[in-house]
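Here is the structure we will look at, set down as structure tokens.
Values in this text are rule-based calculations from the coordinates and carry no lab data. Note that the coordinates shown come from a computational prediction; the quantities given were computed from them, not determined experimentally. Methodologically, a virtual Cβ is constructed for each residue, glycine included, from the backbone with ideal geometry; neighbour enumeration extends over all protein chains shown.
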Amino acid sequence: MEKLGLGTIGTSGITEQFIEAAQLSDAYAYQGVYSRHMDKASDFQKKYNAATAYDDFEAFLNDPAIDVVYVASPNSLHFSQAKAVIEHNKHAIVEKPMVASLEEWTELTELAKAKGVVVVEAARHIFEPNFIKITGMIKEFEGISGATLTYSKYSSRYDNVLAGEEPPIFSPKFAGGAANDLGIYTVYAALRWFGKPESVHAFSHAIRTGVDGAGTAILRYEDFDVTLHYGKIVTSTVPSEVYSLDQTLVLDAITGLEEAELVDAKTRERQTVELDKSADNPLVWEAKAFAEVMQAPDQKENKEALNEWLTLSYNVHHVLDQIRSQA
């Protein structure tokens, strides 16, 4: 099948990682890089053998060789840039969070449907083989009793905040904060494993810039609760856990999951869950999945896959809207 012409917006580390994953997948040809600064765009062009570098956004969008654009700019720009991509009849892969509100989510996905293109949110972990295996195990559990999911990692950019600066990931102007950056991973995991909660109760720790530096959210289900802990101003080494009536599933991480154990609730005996070693580039799984759908969007299985991703994404942003409003 012919490769998809790839364009990228943004020159951060996650953009580099996605480009490398796209090239490893052998499903994309890197056609264009856009940055507001030509020197950065040129550096990317040389490093990853892109066909063209742009500092003119409209020229970038009009490049006929580009079929799909990966959007990895600051959070607040995702919606407007992805909308422009879709309006130019190109597919859009938007780094999480895809948007800053459920209203934006609805407008973006409805526009993509009207234009006949695909828009997806790059929530990498739900495509990782180990995450998928754990998902299957949880679906087989009898009597879920709850879960505690944790993703808290100190950001070096917080040093800049303490020095009086306001980097984008900690700026309300750029839709920064812990819930949008790391909390979204825990929300995705919870909703993928347990479905949409009946209610959401959120608490946050605001930092000087006005965004949440850390937070806790309790998702209430009919018979159990799921507690989410997330933060960018502290580092947690506590594992995540899923509880059933007779055992506890212990996970070393939410993303990049590599180790898991089943602990007997009564005897506390531990059984290792066999998992694969993580890929050298964990974004390769999402890159492959997105390419398959974009290359043959009318195939039944691809339509079903896209609908499943979008339904999950919608529910995630519904929960995030509640977390943000309560915080």
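Observations on the model:
- Inverse mean reciprocal Cα-Cα distance (Kirkwood Rh) of segment 32-115, Å: 13.2
- Point-to-point label distance, residue 325-residue 266, nm (Cα→Cβ direction, 7 Å offset): 4.5
- Amide H contacts under 5 Å for residue 67: 5, 6, 7, restricted to partners 5 or more places along the chain or on a different chain, H placed in the peptide plane at 1.01 Å from N.
- Spacing of the modelled spin labels on residue 47 and residue 280, each 7 Å from Cα toward Cβ, amounts to 1.7 nm.
- Each semi-axis of the equivalent ellipsoid for segment 240-310 is √(5λ) with λ an eigenvalue of the Cα gyration tensor; in descending order they amount to 34, 16, 9 Å.
- The Kirkwood radius of segment 180-322, taken over pairs of alpha-carbon atoms, gives through the Stokes-Einstein law at 37 °C and 0.692 mPa s a diffusion coefficient of 188 µm² s⁻¹.
- All lysines inside 26 Å of residue 47 as judged from Cα atoms, apart from same-chain residues fewer than 8 positions distant: 3, 90, 96, 288
- Along its three principal directions, the equivalent ellipsoid of the chain from the Cα gyration tensor extends over semi-axes of 33, 23, 19 Å, largest first.
- Extreme residue, positive dipole direction of the chain, given options 120, 263, 297 (C-beta unit charges): 120
- Normalised per residue, the volume of the convex hull around the Cα set of segment 1-140 (Å³): 129
- For the chain, the 222 nm mean residue ellipticity estimated from helices alone, with every DSSP H stretch of n ≥ 4 adding -39500 (n - 2.57) and the total spread over all residues, rounds to -11500 deg cm²/dmol.
- Converting phi to 3J(HN,Hα) with the Karplus coefficients 6.51, -1.76 and 1.60 and the offset θ = phi - 60°, segment 202-207 yields 10, 9, 9, 10, 7, 9 Hz in sequence order, with x at every glycine or proline.
- Distance cut-off 17 Å, percentage of C-alpha pairs in segment 1-41 lying past it: 29
- A cut-off of 5 Å between modelled amide H atoms, ignoring neighbours fewer than 5 places along the same chain, links residue 225 with 147.
- Rg/Rh (Cα only; Kirkwood hydrodynamic radius) as it applies to segment 209-279: 1.04
- Fraction in percent of alpha-carbon pairs per bin - 5 Å, segment 42-88: 5, 19, 26, 28, 17, 5
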